[in-house]
1. Counting each DSSP H run of 4 or more residues in the chain as -39500 (n - 2.57), what helix-only mean residue ellipticity at 222 nm follows after dividing by all residues, to the nearest 500 deg cm²/dmol?
2. Which aspartates and glutamates, if any, have their Cα less than 17 Å from the Cα of Lys336, not counting same-chain residues under 8 positions apart?
3. For the range 266-343 and the range 137-171, compute the distance between their C-alpha centroids and round to whole Å.
4. Taking Cα pairs under 8 Å and at least six residues apart, what relative contact order does the range 418-518 come out at, in percent?
5. For the chain, build the charge dipole from Cβ charges (+1 Lys, Arg; -1 Asp, Glu) around the Cα centre, then report which of Gln508, Ala73, Val458 sits farthest towards its positive end.
6. Rounded to a whole number, what is D in µm²/s for the range 297-342 from Stokes-Einstein with the Kirkwood radius over alpha-carbon pairs (20 °C, 1.002 mPa s)?
7. If you wrap a convex hull around the alpha carbons of the range 346-387, what volume per residue comes out, as a whole number of Å³?
8. Distance in nm between label sites at Ser277 and Arg202, each 7 Å beyond Cα in the beta-carbon direction?
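Every read-out reported here was derived from the displayed coordinates using simple, explicitly stated rules and does not represent laboratory data. What you are looking at is a predicted structure, and each value in this text was computed from that prediction instead of being measured. Virtual Cβ from ideal backbone geometry, glycine too; neighbours counted across all protein chains shown.
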Amino acid sequence: MSEPHRFSLAAELRQAAAEVPDRPFVRMAAGEWTYRQFDDETDRVAAGLHAQGVQCGQIVSLLLPNCIEFAVAWFALAKLGAVAAPVNTAFRGAALAHAVNLVGSTRAVVHASLHAQWAEVQTELIHNTTVFVVGDDAALPERCRPWSILRDVEPSSATLPRPDVADTDLCLLLYTSGTTGASKAAMIPHGFVLGHARLFIRGLGLRPDDVLYCPYPLFHLDATVLTIAPALVLRGVAAIGERFSVSRYWDEMRALRATVFDFMGATITMLWKQPPSPQDRDHRARLGWGVPLPSFAPAFEARFGCRLVELYGSTEAGGVVFTPLDEPRRMGSCGKVADAFVVRLADERGCPVPVGEPGELLIRPQQPLLLMQGYYAMPEATMAAFRDLWFHTGDVLREDADGYLYFVGRRKDMVRRRGENISCAEVEMGLETHPDVLECAVYGVPSDMTEEEVMASVVLRPGATLPVQALAAHCGARMARFMVPRYFRLAPQLPKTPTDKVEKFRLQAQGVTADTWDREAAPPTA
């Protein structure tokens, strides 16, 4: 039997530190760390973690905002052959206890600003967890130790073991976003991280002189696997923002000297709907990537002077579909399948659908380790996802005759109304073409006609006063009649995860309320 291939985050970082020791690696508002500085700091913290009992294969929970300690902890654990399990910082109560108990961690790194959330669930945790607190060291509670204690051990051959880590060994447990229920922890090995970093570099044509900017949380795939890891492989710069802010976005991009940035549908819409400014082109960005690409993309590119490209990916499968950079844009398409994968669009039985018809995206890699290894401690969920030798994404797409794929929506994000299958994503895109709509969420609510009715919760641009009748008329002029929402509600904000994904299950739980406008009960006038 052949030995497993040996390449890991630790090996890649050490090689980079040897090749380009003084080149910047991680850049944040708080400072900049070269490859040598980052390698030295992760060695020190790894030695400290080992002294505190962290061993190869152990899982350590992270409850941290975007800070350098997050990246250091991840790589330090990787150097020990241990596994980082970063938790959504919005989790508290039952959701937080579930996330920690699911992976059974006995140690955690928690930021002082989030320790109150941790303390609330301490008695609900299965294991007595030792917590290393980043930030304020004053008056630490029992079983809490300062982060600084991890930096007290001088790394040496005696204090810092170098386990033989294979590319198949885990380095991350990434929780799914939990927009439809309890989160699952996707098991991510070293080979997944580095393999997708290389695939991402090719798919987006990234260069060693690029500064890859991500304002989204480090507990998310975008910031770790698709920003820090590609920067490492390129020997480039990972620029991590504190958090997404529409008012500070371009200022942070300028300060971090970003050349490539990450967007989501809601965030790019918010940026577009800001008043034009003489500083709109005062930045270094050449390329933005994300999903979905809005209809106003050409105008955005002309205004801000950078290219936007769409792709498709997921926590479990990484980047799978990329827009060909050397072919004309096809609006609405997320591109073509990367050569590292084969895909099938299938019906509910798993049979291929005809070209042009929507079907669930099924994935099969042609290279090892490009899919997660399963959901941690959830064998039934893992078996449900990996059926018939395919990974079932739960996403519905369609394909044209030239092999371009178009995202339709989540299988669970479809509304069945009077015999018609309606994509919530398509209705949302139609609503957001109105200049006074900042963002929206479309979802199904129970219907007295059986099946469901379409409902939209809409957030207006600041200062806008848009009658819902006018909004309904706007929809009627731009989409099929059966797609126009029956129910509209104007809301000050939408419930979201920290990665700006709308928690539609919360909106569905609210249902039709007293402030909801019913188009059928009060039809708009012509």
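1. -7500 deg cm²/dmol
2. Those aspartates and glutamates meeting the cut-off are Glu310, Asp326, Glu327, Glu357, Glu360, Asp395, Glu399, Asp400, Asp402.
3. After rounding, the separation between the Cα centres reads 39 Å.
4. Working: 147 pairs, mean separation 26.6, N = 101.
Result for the range 418-518 is 26 percent.
5. With unit charges placed on the Cβ atoms, the residue in question is Val458.
6. 183
7. Considering the Cα atoms of the range 346-387, their hull volume per residue is 89 Å³.
8. For Ser277 paired with Arg202, the spin-label model returns 3.9 nm.
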